[in-house]
Amino acid sequence: MNYGAQKIKLKFLLIFLLPSVSYAQHLFLEKKEFRISTGFFHGSFRSVFDMDGERKLAPKTTHAGMNLSLAAGFHSRWNGMLNLPIIYNKVTGYNDPGGISSEKKIVKPGDIELGLKYSILPTGDWRSCITAWQSLGTATRDKSTFLHTGYADYNSRIYFDLKYVKSPKWTIGEYLGFNKRNKDNSDEVHAGITASLLITKNLFLDARGDLNYSLENRSKKPINYELGLFHNNARWINVTGSIRYEMKKWFSGYVSYTAPIRGQYIYNAEIVSVGITLKLYKSNSVESPNDSTTSYIQ
């Protein structure tokens, strides 16, 4: 495919994703409901995207880890949330001040986040909510190998989610958010669209597209361009497909596959994720099938 056709394809994807329910935010929990979700992800790559969206070779890098998400409905209109990521990064064959090293790895916490969600009164088949996330800046910045486990910049995110629920068999939603960064990192706009379809009893197909767009309103200097992990001024589009099985109303599992479409300063890696969700103190309300458990966010 020539460059002109690729450019048209990219513009089409941007238009499709721009009016964009966040896969990390789940459905709103009823009062006295409590949910525990854990997910494991893995990806590896040998190239990254540059500012022009072209691929460049990079050291062989593994990017993996797990995320533990807790959510509680403490009011009929309010939910509280907590994300606890553990990141595993490994690089082979990189150059450092002491010469060429064969391998270097890091296993440490990422950026722990606190979240608060407010549910807007439903209108017909439409559901909406506003969610705010605050990073605690707990990630590690490894200056020797750039195998960072997060941004560690105490960034703040706010999202507006809108979902259309016509029947229990399918739902579609979109979100639009703003990420206020610190430590000379440029602010970002986040957007996405997601859909869920009931295939058979208890088995769901979830799909989504996610857009990250840097405003480049601060430093234009990238963070660790060589390895493609946790960059400043990142612009990218990802698509994800998931199969989710609800074994019980209180227990479900999933497997998902994420692929990068195009971007700037992003590792060229497909991500495979698996995870489970456990729900306690379930109320008598019936939950929509659009509750994706793939809660990891880079």
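Quick note: the coordinates plus some simple rules give every number you see, no bench work behind them. Quick caveat, the model's predicted, so the values are computed rather than measured. A quick note on method: Cβ atoms are made from the backbone with ideal geometry, for glycine too, and the neighbour counts reach across all protein chains shown.
As a proxy for reagent exposure, ranking Thr140, Thr123, Thr149 by other Cβ atoms within 10 Å from fewest up yields Thr123, Thr140, Thr149. Give me a comma-separated list of calculated 3J(HN,Hα) values for the range 173-180, in order, Karplus coefficients 6.51, -1.76, 1.60 applied at θ = phi - 60°, integers in Hz, x for any Gly or Pro. Values, residue by residue: x, 8, 9, 9, x, 10, 10, 8 Hz.
Checking the table Lys163/Lys201; Lys104/Lys279; Lys60/Lys248 against a 29 Å threshold on Cα-Cα, which pairs fail? Write out the running numbers ahead of the final one.
Working: Lys163/Lys201 22 Å; Lys104/Lys279 38 Å; Lys60/Lys248 40 Å.
Going by Cα-Cα distance, Lys104/Lys279; Lys60/Lys248 fall outside the 29 Å limit.
Applying a DSSP loop filter and a limit of 10 other Cβ atoms within 10 Å to the trypsin sites (Lys or Arg not before Pro) in the range 117-146 leaves Lys143. Taking +1 at the Cβ of each Lys and Arg and -1 at the Cβ of each Asp and Glu, which of Gly177, Pro59, Asn268 sits farthest along the dipole of the range 3-280 towards its positive end, judged by Cα position relative to the Cα centre? Positive-end residue among those listed: Gly177.
Residue exposure proxy: Ile130, Ile172, ordered by other Cβ atoms within 10 angstrom of their Cβ from fewest to most, comes out as Ile130, Ile172.
Bridging of Lys31 to aspartates and glutamates at a Cα separation below 16 Å is possible for Glu287, once same-chain residues fewer than 8 apart are set aside. Less than 22 Å apart at the alpha-carbon level, and either on another chain or at least 8 residues along: which lysines does that give for Lys180? Reachable lysines: Lys117, Lys220, Lys221.
Viscosity 1.002 mPa s, temperature 20 °C: what is the translational diffusion coefficient of the range 3-280 from Stokes-Einstein with a Kirkwood Rh over Cα pairs, rounded to a whole number of µm²/s?
In µm²/s, the coefficient rounds to 109.
3J(HN,Hα) along the range 117-131: 10, 10, 8, 7, 4, x, 10, x, 8, 9, 10, 8, 7, 10, 10 Hz, from the Karplus curve 6.51 cos²θ - 1.76 cosθ + 1.60 with θ = phi - 60°, whole Hz, x for Gly and Pro. Taking other C-beta atoms within 10 angstrom as a stand-in for reagent exposure, Glu54, Glu246 fall in the order Glu54, Glu246, fewest first. Reported to the nearest whole Å, the Cα centre-to-centre distance from the range 231-245 to the range 207-229 is 13.
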